[in-house]
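Visitor: Sharing a structure here in structure tokens format.
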Protein chains: 2
Amino acid sequence: MNEIIDLLQRHRSIRKFTNEPVSTEQREAILKAAQAASTSSNMQAYSVIHVSDAGLKNQLAELAGNQAYVSECPLFLVWCADLHRYAEAAHRHGDTPITGNAENLIIATVEAALAAQNAAVAAESLGLGVCYIGGLRNKPAEVSELLGLPQLVYPVFGMCIGMPDQEPLLRPRLPLEAVYHENRYTPNQAAVESYDETIRDYMKERTGGSTDTTWSKEMAAKALRPRKHMKAFLSRQGYEVE
Amino acid sequence: MNEIIDLLQRHRSIRKFTNEPVSTEQREAILKAAQAASTSSNMQAYSVIHVSDAGLKNQLAELAGNQAYVSECPLFLVWCADLHRYAEAAHRHGDTPITGNAENLIIATVEAALAAQNAAVAAESLGLGVCYIGGLRNKPAEVSELLGLPQLVYPVFGMCIGMPDQEPLLRPRLPLEAVYHENRYTPNQAAVESYDETIRDYMKERTGGSTDTTWSKEMAAKALRPRKHMKAFLSRQGYEVE
């Protein structure tokens, strides 16, 4: 429908990058785009940490489950939910304690995500590729320690950015009617079953025929790998989720 | 730096719309862009509810704190974190129970936000304006009841979309150095204090001189309005946050 919508719809995660650096000008344009995202009551309850130190990148790559592209990508960012700055500001003008309750957890998590997605779109508009790294939540306490995160700050995900050195297949999404509802939530089992077959075909093509799976089977496998430590970790960071 | 980054950096929330409808083609392009956003292990753990029924829009507008633009906007979407579809799929191929634990809450909240932000960018690329409606979390149980949300689905925020009928000032953001850190989290009090003055000037201009405030003061005021009900609500929806 236009060039921007084409760009959004063509998104795929990039996990292999050339050595070409991301310039300071590019990085700042990306981060200014991130800052322009919507924010709840202007809280801007996120922070972004640019990890430029090679040793630190290696440690984070290992903590994320040995994802080499974390250390190899030209620009690695860690997007954090951040109520620390908000709490510090509020404390200077009042004595209402700022708690990491469920609502504040949601606000800060959403703000990090909105800013990050603007950054992703901005990066892709410059011809760069990106990959979100949820794996930072494998070892969130260790990541927080390495980055010096204070109370009320937690790493939501990382993001690799760089010039793509691969052209992965576009992974098909659920049919629109599986995620779209009009006026009332209505599960659409037929759409999910149709998608199961789409993913079966996609995985066969991607693996040269060696993988026979469906979306539903992948979700059952995913359910075996919960990150059960997150509540305790969030509590440690001051998110009492209450 | 390019047209897309300009678009992102020019974002402002729109709360007044002309009567011009958003066409089905526009809506579908916006939603397809949303679907293309990154997703954790392909979970696609969100749903979007298009509220087209006028009576329902009025009820939601009231629940959101009498925000008239919710009922007046041509296209109103409710973005939901959705582990229900994932749980149903996983249950067909395994007996691992899917719980709304803290990690799953984060995944589903992030996925709703990433998809929504792509939708916002796509809409703005078509000349439309958008406004996020966090106010749906004022009365989340009532909103969930009205929309028929099952267990493991919760409304993260709404979104008004339509042709802008206002040109609000661009609200300045924190200086980049207040949200940006290199290698280690480092609070930047001077940047926040400088922003306090920026917001003082902005608010004076916006209110014709009648409001004298700063960002920090606004944050202290915001702290007096916590949505303390969210933990109980999330628990009702199956998010035990454990």
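Visitor: Just tell me how shielded A:229-236 is by partners: mean number of partner chain Cβ atoms within 10 Å of each residue's Cβ, no decimals.
Guide: Taking all residues of A:229-236 together, the mean is 4.
Visitor: Report relative contact order for chain B in percent, whole number only (criteria: Cα-Cα under 8 Å, sequence separation at least 6).
Guide: Computed value for chain B: 26 percent relative contact order.
Visitor: Further, regarding this structure: How big is the convex hull of the Cα atoms of the range A:123-234, per residue, in Å³?
Guide: Dividing the Cα hull volume of the range A:123-234 by its residue count gives 195 Å³.
Visitor: Using a 1.4 Å probe on the protein heavy atoms, what percent of the accessible area of the protein assembly as shown belongs to carbon and sulfur?
Guide: Result for the protein assembly as shown: 46 percent of the exposed heavy-atom area is carbon or sulfur.
Visitor: Just want the answer: with Cβ charges of +1 for Lys and Arg and -1 for Asp and Glu, which residue in A:Ile5, A:Asn19, A:Ala223 is farthest toward the dipole's positive end in chain A?
Guide: A:Ala223
Visitor: Compare the peptides A:196-205, A:55-64, B:68-77 by average per-residue count of other Cβ atoms within 10 angstrom and give them in order, highest first.
Guide: The peptides rank, most packed first, as B:68-77, A:55-64, A:196-205.
Visitor: With a sphere of radius 14 Å drawn around the Cβ of B:Ala54, what net charge do the other residues whose Cβ falls strictly inside it have (Lys, Arg +1; Asp, Glu -1)?
Guide: -3
Visitor: Now a separate question. Excluding ligands, DNA and RNA, what is the solvent-accessible area per residue of the protein assembly as shown at a probe of 1.4 Å, expressed in Å²?
Guide: Per-residue accessible area for the protein assembly as shown comes out at 39 Å².
Visitor: With a point put 7 Å past each Cα toward its Cβ, work out how far B:Lys228 is from B:Arg92 in nm, to one decimal.
Guide: Those two pseudo-labels are separated by 4.4 nm.
Visitor: Continuing with the same structure: Name the most mobile residue of B:Asn101, B:Asn188, B:Asn66, meaning the one with the largest mean-square fluctuation, in a Gaussian network model of chain B with Cα contacts below 10 Å.
Guide: Answer for the Gaussian network model of chain B: B:Asn188.
Visitor: Based on DSSP H assignment, which helices of chain A show an axial Cα extent of at least 20 Å together with a mean Kyte-Doolittle hydropathy greater than or equal to -0.5?
Guide: TM-like helix candidates: A:102-125.
Visitor: How big is the A/B interface in buried accessible area, both sides summed, 1.4 Å probe, to the nearest 100 Å²?
Guide: Using a 1.4 Å probe, the pair buries roughly 9600 Å².
Visitor: Treating the beta-carbon of each Lys and Arg as +1 and of each Asp and Glu as -1, no other charges, what is the dipole magnitude of the protein assembly as shown about its Cα centre, to the nearest 20 debye?
Guide: 800 debye
Visitor: Taking every pair of Cα atoms in the range A:176-218, average 1/r, invert it to obtain the Kirkwood radius, and report Rg/Rh to two decimals.
Guide: Reported Rg/Rh (Cα atoms, Kirkwood Rh): 1.13.
Visitor: Could you identify which residue out of A:Arg184, A:Arg12, A:Arg171 has the top mean-square fluctuation in a GNM of chain A using Cα springs shorter than 10 Å?
Guide: Judging by the Gaussian network model, the answer is A:Arg184.
Visitor: For a Förster distance of 56 Å, can you work out the FRET efficiency between the beta-carbons of B:Arg206 and A:Ala68, rounded to the nearest 0.05?
Guide: 0.70
Visitor: State, to one decimal in nm, how far the label point of A:His50 lies from the label point of A:Ala141, with both points 7 Å from Cα in the Cβ direction.
Guide: 3.2 nm
Visitor: With Kirkwood's inverse mean 1/r over C-alpha pairs for Rh, give me the Rg to Rh ratio of the range B:160-199, two decimals please.
Guide: 1.20
Visitor: At 222 nm, what helix-only mean residue ellipticity would chain B give, in deg cm²/dmol to the nearest 500, using -39500 (n - 2.57) for each DSSP H run of four or more?
Guide: Rounded to the nearest 500, it is -13500 deg cm²/dmol.
Visitor: In terms of the Cα gyration tensor, with a ≥ b ≥ c the square roots of its eigenvalues, is the range A:73-146 rounded because a/c is under 1.5, prolate because a/b exceeds b/c, or oblate?
Guide: Cα axes put the range A:73-146 in the prolate bin.
Visitor: Compute a Gaussian network model of chain B, connecting alpha carbons closer than 10 Å, and tell me which residue from B:Thr109, B:Thr211, B:Thr186 fluctuates the most.
Guide: Its mean-square fluctuation being the largest, the pick is B:Thr186.
Visitor: Modelling each spin label as a point 7 Å along the Cα-to-Cβ direction, I'd like the B:Ser23/B:Glu240 distance in nm, to one decimal.
Guide: So the label points at B:Ser23 and B:Glu240 sit 5.0 nm apart.
Visitor: Kirkwood hydrodynamic radius of the range B:3-168 from all distinct Cα pairs, in Å?
Guide: Answer for the range B:3-168: a Kirkwood hydrodynamic radius of 16.4 Å.
Visitor: Per residue, how big is the convex hull of the protein assembly as shown when only Cα atoms are used? Give it in Å³.
Guide: Spelled out: Cα convex hull of the protein assembly as shown, divided by residues, is 134 Å³.
Visitor: Further, regarding this structure: Give, rounded to the nearest 20 debye, the magnitude of the charge dipole that chain B has about its Cα centre when Lys and Arg contribute +1 at Cβ and Asp and Glu contribute -1 at Cβ.
Guide: My answer is approximately 500 debye.
The values are calculated or read from the model by the stated rules, or taken from the named source; none is laboratory data. Bear in mind the structure is a predicted one, so any value in this text is a computation, not a measurement. Note that we place each Cβ from the backbone using ideal geometry, even for glycine, and neighbour counts take in every protein chain shown. These accessible areas exclude ligands, DNA and RNA; they are computed on the full protein's heavy atoms, side chains included. Shrake-Rupley method; radii C 1.70, N 1.55, O 1.52, S 1.80 Å.
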